[in-house]
Amino acid sequence: VQLVESGGGLVQAGGSLRLSCVASGNTFEISAMAWYRQAPGEERELVAAITNGGSYTKYVDSVQGRFIISRDNAKNTMYLQMNSLKPEDTAVYYCNAAAPTARYWGQGTQVTVSS
């Protein structure tokens, strides 16, 4: 499985961005998917996760009510709609996919929020 993120960039505080993660390869193996982020000097943290069918989602408290995770299995794509962005959201955002015997990561996309 290969994962490719896109949609990062520079945005002012209060703005919005939409991240995408496209999966290829043995996508039939993928069950849950998630977005993680890592700020400089910080550990990687889970931002949001979604089940295979999309019926269950969870968010870290700091993004609850501002970010929305979704996926379109027909397009092998997961999204993260990020609204009301704050400078503390600045990080590299990574796509993650879970399979029965492995977890896969994308290369990351930089999100920078200016104050």
*Name the residues whose placed amide hydrogens come within less than 5 Å of the amide hydrogen of residue 108, ignoring near sequence neighbours (fewer than 5 apart) on the same chain.*
5, 95
*Which far-off residues, 5 or more places away or on another chain, put their amide H under 5 Å from the one on residue 47, with H placed in the peptide plane?*
35, 36, 37
*Please say if segment 7-115 is rounded, prolate or oblate, where rounded means a/c under 1.5 for a ≥ b ≥ c the square roots of the C-alpha gyration tensor eigenvalues, and otherwise the choice is prolate for a/b larger than b/c and oblate otherwise?*
prolate
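Got the relative contact order for segment 2-115 handy, in percent, Cα pairs under 8 Å and 6 or more residues apart?
Details: 275 pairs, mean separation 42.8, N = 114.
So the answer I get is 38 percent.
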*In nm, give the distance between the simple-model label positions of residue 57 and residue 22, each being 7 Å from the Cα along the Cα-to-Cβ direction.*
2.2
*Convert each backbone phi in segment 56-69 into a coupling constant with the Karplus relation 6.51 cos²θ - 1.76 cosθ + 1.60 (shift: θ = phi - 60°), then list the ³J(HN,Hα) values in order as whole Hz, x for Gly and Pro.*
10, 10, 9, 9, 5, 3, 5, 10, 4, x, 10, 10, 10, 9
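Taking 0.36 nm per intervening residue step and subtracting the Cα-Cα distance, what contour gain separates residue 13 from residue 75 on full extension? Intermediate values should be presented prior to the final figure.
Values: separation 62, 0.36 × 62 = 22.32 nm, distance 3.06 nm.
Computed gain between residue 13 and residue 75 is 19.3 nm.
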*Note, ³J(HN,Hα) from phi for segment 97-109, Karplus 6.51, -1.76, 1.60, rounded to Hz, x at Gly and Pro*: 10, 9, 10, x, 10, 7, 10, 10, 10, x, 7, x, 9
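Are there GluC sites (Glu not before Pro) in segment 23-115 that DSSP puts in a loop and that have at most 16 other Cβ atoms within 10 Å, and which ones?
Values: sites: 29, 42, 43, 45, 88; in loops: 42, 43.
Here the sparse-neighbourhood loop sites are 42, 43.
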*segment 1-29 to segment 52-67: how many Å between their Cα centroids?*
16
*Can you run phi through the Karplus equation (6.51, -1.76, 1.60; θ = phi - 60°) for segment 71-78 and list ³J(HN,Hα) in whole Hz, with x for Gly and Pro?*
8, 10, 5, 5, 9, 6, 10, 10
*Put +1 on the Cβ of every Lys and Arg and -1 on every Asp and Glu Cβ in the chain; which of 108, 11, 52 then has its Cα farthest towards the positive end of the dipole?*
52
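Any read-out appearing in this document is the output of simple, stated calculations on the displayed coordinates, not a laboratory observation. Bear in mind the structure is a predicted one, so any value in this text is a computation, not a measurement. Quick reminder, even Gly has a Cβ in these numbers, built from the backbone with ideal geometry, and neighbours come from all protein chains shown.
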